[in-house]
1. For segment 53-65, indicate whether the set of residues that are aromatic (F, W, Y), at pLDDT 75 or above and more than 30 Å from A144 (Cβ to Cβ) is non-empty.
2. Identify, from the list R164, R125, the residue that is surrounded by fewer than 17 Cβ atoms within 10 Å (Cβ to Cβ) and not assigned by TED's automatic domain parsing to the domain that holds P279.
3. Is it the case that segment 300-307 has a residue that's outside the structural domain of Q199 (by TED's automatic domain parsing), in a helix (DSSP H, G or I), β-branched (V, I, T) and farther than 26 Å from R225 by Cα?
4. Looking at (1) out of contact with any Lys or Arg (no Cβ under 8 Å at 6 or more places or on another chain); (2) within 17 Å of I209 (Cα to Cα), can you tell me which one R173 breaks?
5. So S249 fits all but one of (1) in contact (Cβ under 8 Å) with a residue 24 or more places away in the chain; (2) among the hydroxyl-bearing types (S, T, Y); (3) closer than 19 Å to S294 by Cα; what number is the exception?
6. Can you find a residue in segment 71-82 that is without any contact (Cβ under 8 Å) to a residue 60 or more places away in the chain, touching an Asp or Glu at 6+ places or on another chain (Cβ under 9 Å) and surrounded by 12 or more Cβ atoms within 10 Å (Cβ to Cβ)?
7. If we only count helices (runs of 4 or more DSSP H) wholly inside segment 237-295, which ones have 2 or more residues that are modelled with pLDDT under 85 and in the same structural domain as V202 (by TED's automatic domain parsing)?
8. Return the residue satisfying two criteria in turn: it lies in segment 317-331 and is without any contact (Cβ under 8 Å) to a residue 24 or more places away in the chain and not in a loop (DSSP other than H, G, I, E, B), and of such residues it is farthest from the chain's Cα centre (by Cα).
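The values are calculated or read from the model by the stated rules, or taken from the named source; none is laboratory data. Just so it is clear, the model here is predicted, and its values are computed rather than measured. Heads up, the Cβs are rebuilt from the backbone with ideal geometry, glycines too, and the neighbour counts pull from every protein chain shown.
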Amino acid sequence: MYVLQDEKTGETKRSNEIKKGRKGLGEYEETKTECPECKSTQLVHDYERAELICEECGLVIEEDFIDMGPEWRAFDYDQRMKRSRVGAPMTYTIHDKGLSTMIDWRNRDSYGKSLSSKSRAQLYRLRKWQRRIRVSNATERNLAFALSELDRLASALGLSRDVREAAAVVYRRAVDQNLIRGRSIEGVSAASLYAACRQCSVPRTLDEISEFSRVGRKEIGRTYRFISRELGLTLMPTSPIDYVPRFASGLNLKGEVQSKAVEILRQAGEKELTSGRGPTGVAAAAIYIASLLSGERRTQREVADVAGVTEVTIRNRYKELAEELGIEIIL
């Protein structure tokens, strides 16, 4: 039911218009993306009142939302695990999506008591067949090996959970379209992880991925270009600004230096000074200039080690930026 608030008097008026539709056997309210009164898209969820409200005119668009969360509360991890009645969520980083069961390695019953020798022998056989059943065909064996390789690479690079999920989805799509044939599993896994980093705006270079991978940089780049073309992945070029926080953190620079480096890169982008240049080299040069301007001097060698570029690259880039942007640097 809609509740309309008068802007002059502040009074609320209820209307009896209820917009509902049918889908299958259930009834649902239409998902609102704009206000039906003023056509504004500034909609806010009020979780205390379970209402969807328009910020512009105050219209209550939907009310009485259903809370899909648990009916219990937990104040620590142990309490949450004890009160939860479901298993782990589905994940693409495991070949069976985490939906299969596991037999615990401890030889104890539900009361914590040790099992007899006969029961232990039976559990040993059950565990063996459980491992065989979980990986039953060649496709599942391929996925199991590739996803474990993805997890190893992501752990070595310190990547978050969402990047690992995105990489697993890219690899599964490549398997479904038969793009793995004739290519190494390690190469496709590394290329999928690089594509996921690009999708999630987590800057990682091919050199960084190849450092921890079992294949070379050229093969990863070739495989990445192939799967991105075949899968139709629309990936924007990496911005030098994405590298600034990581490089500045590695050099122990303050937030002021990061802000100054980002400002320099934005000015360089407006003048198209970053086009045709490696993003890591431009980002390293901007951080070097910002460190000099902010009084937190870092040497070119230190910046080059963190950014993974040469000192010559930093010198060339920072001279271009300083000259084109009119920045005076006192060495």
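1. Yes, segment 53-65 has at least one match.
2. Criteria check complete, one pass: R125.
3. Yes, the conditions are met somewhere in segment 300-307.
4. It is condition (2) that R173 fails.
5. Unmet condition: (1).
6. Initially, segment 71-82 is screened for residues without any contact (Cβ under 8 Å) to a residue 60 or more places away in the chain, giving 71-82.
Of the ones still in play, those that are also touching an Asp or Glu at 6+ places or on another chain (Cβ under 9 Å) are none.
Scanning segment 71-82, I find no residue that is without any contact (Cβ under 8 Å) to a residue 60 or more places away in the chain, touching an Asp or Glu at 6+ places or on another chain (Cβ under 9 Å) and surrounded by 12 or more Cβ atoms within 10 Å (Cβ to Cβ), so the answer is no.
7. none
8. Narrowing segment 317-331 to residues without any contact (Cβ under 8 Å) to a residue 24 or more places away in the chain: 319, 323, 326, 328.
Narrowing further to those that are not in a loop (DSSP other than H, G, I, E, B): 319, 323.
Numbers: K319: 35, E323: 37 Å.
Looking at the filtered set, the residue picked out is E323.
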